[in-house]
Structures are given as structure tokens and as C-alpha cells.
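Throughout, read-outs are computed from the coordinates displayed, never taken from laboratory work. Keep in mind the model is a prediction, meaning the values are calculated, not measured. When we count neighbours, we look across all protein chains shown, and the Cβ atoms used for this are built from the backbone with ideal geometry, even at glycine.
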Amino acid sequence: MSITRRRLAHPLIGAAVATAVLGLAAAPSVGAQPVAATAQVVPGAQVPLGSRFIPPHVRGDREFAGHGPQVVLDATLVLMRSRIDVRLHMRATETMSDWTTVEGTRTTTIYYAPTGLCVSGVSVGTVNNSHYRDTDHDVDVLTPGGTSFVSKYEVVGDTNGSEAGTRTGVTVYTKAFTVRLVPC
């Protein structure tokens, strides 16, 4: 019995063909460990961290002058392949006069998936919309409740003085939640 050896044109293609033809299993790379689906708890967070999101002034003068403002807040948990972001949008509009308005959006990353794992879902609702009319110069605390990822908002609307674009703003606090991770 004789064995004929042929040199394959490409060593990587040759290895793949040999593996397929001979039914061999590909050997794992040295030091590689299989990555399994898992879950991690993401602790509650302050967004933005250590500060308040102050949207830019977009209309009117810079003073709400006791006319509201009417405040609209939209917070969204954005699930990316390797991270989770919070996208926060705020609009505050004076209820009369020259309609002083601030409006803007800010996105902040609150979680990075471990290497080799991808985000596949979370244990909380990913969208929260809240609105109210400010009636004083105090910091207003809104607690949406339900299954939303938002624990509370701390909102500054009207203040004593000119505030649009300098003091009117919001901080959102998230609940702790579980992120589901799968190999990627």
C-alpha cells in the first residue's frame, strides 16, 4: 500500500478541507475558554454622573419668569452590542410671554459588556416619558414607578433669575437591573 502526498495550495484552506473530509473537530485555540450566556446586575446610576444635563437655550429670552415651564422628559435605555447607553432628552417651554425654551439630548454610557459577550436584553422597561408644569423655584423630584429603568428625575425648571441654558436641567437616576449577555 502506498500513500500519495499532495501539497495543498493554501494551508488554511487545506486544514479546513482536511477537517471536513476526515471529520476532525477543530482544536480550540491555546488558552481560549468557551464563553457561555450569562447575566449581570447593573447597579443604579446617576446620569449624567455627578452633574445635571443642562440643555441649550433655543428660544425667547433666558427667563421663565414664573410662567412654568412646561417640562417634557424622555429617557431611553439604548441596548448596543457591547454597551448600554442612556439617552436623555429634555424640553422646557415657558407657558406664555416670549415662550422661552431649552431643548436638547445627551447620551451617556452606563455599562460595557465583558469581552466575548454581547448585550441581548434587560430586565426593565427601556423607555420612560414624563412631563409636568413647574410651579416654583425648587428642585422637583419625579418618580415614574412601574417597570421603567428610571428610579427618579431631579429637575430644575424655573429659578430666581435667568436660568434657560445655564441652570434649567435634569438628572436621571436609574434602577439596578439585570442585563442578559450571550456569546458574540
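Length gained on full extension, residue 83 to residue 133: 14.6 nm, using 0.36 nm per residue less the C-alpha separation. Charge dipole of region 35-183 (Cα centre as origin; +1 on each Lys and Arg Cβ, -1 on each Asp and Glu Cβ, all else neutral): 880 debye, rounded to the nearest 20. Sorting 162-172, 102-112 by their mean Cβ neighbour count within 10 Å, with the most densely packed peptide first, gives 162-172, 102-112.
Placing unit charges on the Cβ atoms of the charged side chains and taking the dipole of region 35-183 about its Cα centre, the candidate lying farthest along the positive direction among 47, 178, 67 is 178.
Beta carbons within 10 angstrom, averaged per residue: use that to sort the peptides 90-98, 136-144, highest first. Numbers along the way, then the final one.
Values: 90-98: 18.2, 136-144: 13.4.
Packing order, densest peptide first, comes out as 90-98, 136-144.
The stretch between residue 103 and residue 182 holds 24.7 nm of extra length on full extension. This uses 0.36 nm per residue minus the Cα-Cα distance. If you add up the charges near residue 45, with Lys and Arg at +1 and Asp and Glu at -1, over every other residue whose beta carbon is less than 15 angstrom from its beta carbon, what do you get? Neighbourhood net charge equals +4.
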